[in-house]
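Participant: Quick one: structure below, then a few questions.
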Number of protein chains: 2
Amino acid sequence: MLLTDRQLLILQVIVDDFIRSAQPVGSRSLSKKEEISLSSATIRNEMADLEEMGFIEKPHTSSGRVPSEKGYRYYVDHLLSPQVLNNQDISIIQSIFAEKIFEFETIIQRSAKILSEMTNYTSIVLGPAVNVNKLKKIQIIPLNKETAVAILVTDTGHVENRTVSLPASMDAGDLEKTVNILNDRLSGAPLSELHDKIYKEVAMLLKQHIHNYDFMLHNIAETFKVPISEKLFFAGKTNMLTLPEFHDIDKVRNLFMMIDQEEWISNLIRSKSAGINVKIGSENENSVMEDCSLITATYSAGTEKLGTIAILGPTRMEYSRVISLLQLLSRDLTSVLTRLYHLK
Amino acid sequence: MLLTDRQLLILQVIVDDFIRSAQPVGSRSLSKKEEISLSSATIRNEMADLEEMGFIEKPHTSSGRVPSEKGYRYYVDHLLSPQVLNNQDISIIQSIFAEKIFEFETIIQRSAKILSEMTNYTSIVLGPAVNVNKLKKIQIIPLNKETAVAILVTDTGHVENRTVSLPASMDAGDLEKTVNILNDRLSGAPLSELHDKIYKEVAMLLKQHIHNYDFMLHNIAETFKVPISEKLFFAGKTNMLTLPEFHDIDKVRNLFMMIDQEEWISNLIRSKSAGINVKIGSENENSVMEDCSLITATYSAGTEKLGTIAILGPTRMEYSRVISLLQLLSRDLTSVLTRLYHLK
DNA sequence: GTTAGCACTCACTTTAAACGAGTGCTAATT
DNA sequence: AATTAGCACTCGTTTAAAGTGAGTGCTAAC
């Protein structure tokens, strides 16, 4: 099942054309293209072969051909000439990092936004798993007699905060002691281990030094128990509504309902290997994603993988452009983050 | 233009029926209702009058009647019997506040989610304007030689954080001095005034005590300049897609594109007076909201208005239920927040 | 004042016909 | 042997016409 050069060319043109127009491609319109100097009849013969091999298919008997999933897969694996981005694209991507003072979350969010604007698809960014980060510092700042704010800062500069209740008997001295003990014992520990460590290592110490040991211990442990999972950012969901494949409102609704399940989409995106990853249609193993492709790219700091950026679009996606954009952005993100967080 | 009791009854039944079914209501189906013991012909006469007065209208000559905006308005103002919520509804709302340790943002977000689930409409919650809150404490926590995290805590327990660059020459002592000066001078000031105050009151002091005065001053001022506006939370956008009035994908797209403009929606929601507020269709003064009604309620801490919760639905909305839910939730929110933040 | 009856309206549904983009196959051409 | 012109055929889409039915307005009778 080897394709001739001519079949390759025809397949490529069919895919390109369909990506552009969303209309089934007929033999006559192909024969008019510059790249192809064959009669429509010859093309029909080749198309019949391509169809037999499963690369293209007909929506109905008398219509033009449409790439099948297998066709897209072949196109992505073998026919894709990486699109050279123009200077404007490049400078837009780089504008994400232009601001001097920046927040990690801001960058991630802006990345998602810009990516969706540049592609007219939906972009999804999975932030780093905060709970593998190591604790840099704990602070507890009292607001009034009963309430205080607990703040965790990680070595990556991520800040988590929770409101905690203070025991009535707690005085400023006790609070300070508690914070000191916590910092002393917990600094450097991954956030995910805080809860355990508090009971194992901090409990005793607190008991010795603090009046309202019990209440406080419990409260603090609870506060730090809440799993801090990766944050998920979306941009350009509305773009889906402009695509002809989603003119059916039920399809859109099903897709949106799936997307709203952050749990599910996190798993979908997280479990991808490093580098660029393309999942076409049913490769995503979910019926609502049948008409969608998902392209993911990971970003890192140094050698440590931090998160994923993804583009969700129709199977009829501009693979070449999207891949180039993701490559560029993930590289830039990685280099900025490496610079920022890896000089200890 | 005073309505007779019979006209009132008919109007009410028409609106109720249309809210339920989304289908134009005909005279015959009305005459079959228990509440109404009149022949269809009589009802037709009354309907003709109601139409002449502008309370109902016909989509086309030979169709049943549909409430007009004026009809909804009258219904909301005069015919609405506040729906008594059942125990299940009440306990669901109260479950929002069940958790012991809670974050303001978490509560707000959960409120939005639950509200949208209970109503099957879209809920929007506008958080408090953080920049009128007063500064409780500033902390700057160095991550490495070049970077630090600046943390602002307000008297309401809200935490803002930014990454800042440190001057190369900065040592631990300088940093501590800076933080002390900042806290000393800025505590109690509204966040919105920090930027000005830094130049007016802090600049001099820093100059006297800190080595790399210039770089630091600038950096800090910039860090605190970024306007911290009210956060906006959405839930149940997808619910719109199940409504028959939004079977037209273009309508949905226009609405979603409008909603995505946070700026715009903030203004729409913010500028409402205290208490419950109902805007029907074109009263929202935007063409994409023509088929939508927006019901808003404010929540406060003590006497200070903090934010707004809103439900966006079709003009054919279950006004009674939504108003009851919003009333309950805004009251509960207010009482919890008052308890929490008003015991200084 | 109320109601039964009837002609009328108009969106929606159904059916049939015409259209046209595209195919597969065959026979002629290169 | 590969290519192409020609032609019958398929089938979704468009257009037109006819039929259906929910609902109305009006009038005359109760």
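The values are calculated or read from the model by the stated rules, or taken from the named source; none is laboratory data. Everything numeric in this text was worked out from a predicted model, so none of it was measured. Virtual Cβ from ideal backbone geometry, glycine too; neighbours counted across all protein chains shown. The accessibility values were calculated without ligands, DNA or RNA, using every heavy atom of the protein model including side chains. Shrake-Rupley method; radii C 1.70, N 1.55, O 1.52, S 1.80 Å.
Participant: Using the 7 Å Cα-to-Cβ label point, sort the distances from A:Val179 to its equivalents in the other copies shortest first and give them in nm to one decimal.
Facilitator: 0.8
Participant: Add -39500 (n - 2.57) for each DSSP H run of 4 or more in chain A, then divide by its residues: what number comes out at 222 nm, to the nearest 500 deg cm²/dmol?
Facilitator: Working: 13 runs with 147 residues, N = 344.
About -13000 deg cm²/dmol.
Participant: Spelling out what I want: for every residue of segment A:110-122, take phi, set θ = phi - 60°, compute 6.51 cos²θ - 1.76 cosθ + 1.60 (Karplus), and round to whole Hz; glycine and proline get x.
Facilitator: Values, residue by residue: 5, 4, 4, 4, 5, 4, 5, 6, 6, 9, 6, 10, 9 Hz.
Participant: Relative to the longest principal Cα axis of chain B, at what angle does helix B:213-223 sit, 0 to 90 degrees, rounded to 10?
Facilitator: Compared with the principal axis, the helix lies near 10 degrees.
Participant: With the label 7 angstrom out along Cα to Cβ, how close does A:Gln94 come to the same site in each of the other copies, in nm, nearest first?
Facilitator: Label-point separations across copies, in nm and ascending: 6.1.
Participant: If the elastic network links every pair of Cα atoms under 10 Å, which of A:Thr61, A:Thr42, A:Thr154 fluctuates the most in the Gaussian network model of chain A?
Facilitator: A:Thr61
Participant: About its Cα centre, how strong a charge dipole does chain A have in debye, to the nearest 20, once Lys and Arg get +1 and Asp and Glu get -1 at the Cβ? Walk me through the numbers before you get to the answer.
Facilitator: Details: 37 positive and 43 negative charges, 112 e Å.
The dipole of chain A has a size of about 540 debye.
Participant: Would you mind estimating how fast chain A diffuses translationally, via Stokes-Einstein at 4 °C and 1.567 mPa s with the Kirkwood radius over Cα pairs, in µm²/s? Could the numbers behind the result be given before it?
Facilitator: Details: Rh = 23.4 Å.
Estimated diffusion coefficient is 55 µm²/s.
Participant: Now for a separate question. What lysines sit close enough to A:Lys305 to cross-link, taking a C-alpha to C-alpha distance under 19 Å and skipping anything fewer than 8 places away on the same chain?
Facilitator: Qualifying lysines at Cα under 19 Å: A:Lys134, A:Lys231, A:Lys272, A:Lys344.
Participant: When a/c reaches 1.5 or more, the comparison of a/b and b/c decides; with that in mind, is the protein assembly as shown rounded, prolate or oblate per its Cα gyration tensor? The partial results should precede the final answer.
Facilitator: On the way: a/c = 2.23, a/b = 1.13, b/c = 1.97.
In terms of gyration-tensor shape, oblate.
Participant: Using Cα-Cα distances under 8 Å and only pairs 6 or more residues apart, what relative contact order does chain B have, in percent?
Facilitator: 17 percent
Participant: I'd like the carbon and sulfur percentage of the solvent accessible area for segment B:1-115, probe radius 1.4 Å, heavy atoms only, ligands and nucleic acids excluded. Don't skip to the answer; put the middle values down first.
Facilitator: On the way: 3170 of 6370 Å².
Roughly 50 percent of what the probe reaches on segment B:1-115 is carbon or sulfur.
Participant: Round to the nearest 10 and give me the degree value, 0 to 90, for the angle of helix B:40-52's Cα axis relative to the longest principal axis of chain B.
Facilitator: The helix B:40-52 is inclined about 50 degrees to chain B.
Participant: Moving on. Find how many whole Å separate the alpha carbon centroid of segment A:208-253 from the alpha carbon centroid of segment A:267-317.
Facilitator: Using only Cα atoms, the two centres lie 20 Å from each other.
Participant: Helix A:319-341 against the longest principal axis of chain A: what's the angle in degrees, Cα atoms only, rounded to the nearest 10?
Facilitator: 20 degrees
Participant: Whenever you get a sec, line up B:Ser91, B:Ser320 from highest to lowest accessible area (probe 1.4 Å, protein heavy atoms).
Facilitator: On the way: B:Ser91 65, B:Ser320 20 Å².
Accessible-area ranking of B:Ser91, B:Ser320, largest first: B:Ser91, B:Ser320.
Participant: Taking the dipole about the Cα centre of chain B, with the C-beta of Lys and Arg at +1 and of Asp and Glu at -1, give me whichever of B:Thr242, B:Ser165, B:Val179 is farthest to the positive side.
Facilitator: B:Val179
Participant: Here is a follow-up. Under 8 Å for C-alpha pairs, at least 6 residues apart: give me the relative contact order for segment B:253-344, rounded to a whole percent.
Facilitator: Result for segment B:253-344 is 24 percent.
Participant: Right, next: State, to one decimal in nm and shortest first, how far the label point of A:Lys225 sits from each corresponding label point in the other identical copies (label point: 7 angstrom along Cα-to-Cβ).
Facilitator: Result, one decimal in nm: 4.5.
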